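Presented below is the structure to which this report refers.
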Amino acid sequence: MPKYSLKLYVIGRSPRSQLAIANLEALMRAIGGEGHDHEVVDILENPELAEQERLLATPTLIKAAPGPSVRVIGDLSDTKAVAEALGLELAAGHGRG
């Protein structure tokens, strides 16, 4: 299984941001979190990073590695759908059905 690098961009600590962070944590468990990198970026604290990524909306989850870079914008609650959209392999016990 490849090593993934994910970045979640949120705005502040709003309920929507907190939900996105919880959804990222669920996704990390689904892909077997150990050995994968993930980062949460608050664009209020790091606006230059949002500009570099040319973000249009939050939350935005970006798979930075392995390439190519892929992003999912908005609702991250369907872990299987997000994993599929990003091209991530789910760990055993987290089937796609």
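Every read-out reported here was derived from the displayed coordinates using simple, explicitly stated rules and does not represent laboratory data. All figures in this text were calculated on a predicted structure; none of them were measured in a lab. Methodologically, a virtual Cβ is constructed for each residue, glycine included, from the backbone with ideal geometry; neighbour enumeration extends over all protein chains shown.
Among the listed residues LEU76, LEU61, LEU55, LEU90, which satisfies the condition of being farther than 24 Å from GLY12 by Cα and surrounded by 17 or more Cβ atoms within 10 Å (Cβ to Cβ)?
Result: LEU90 is the single residue among LEU76, LEU61, LEU55, LEU90 that is farther than 24 Å from GLY12 by Cα and surrounded by 17 or more Cβ atoms within 10 Å (Cβ to Cβ).
So which residues in segment 64-73 are assigned to a loop (DSSP other than H, G, I, E, B) and closer than 16 Å to TYR9 by Cα, if there are any at all? Break it down stepwise before answering.
Restricting attention to segment 64-73, the residues satisfying the condition of being assigned to a loop (DSSP other than H, G, I, E, B) are 66-69.
Within segment 64-73, SER69 is the sole residue that qualifies.
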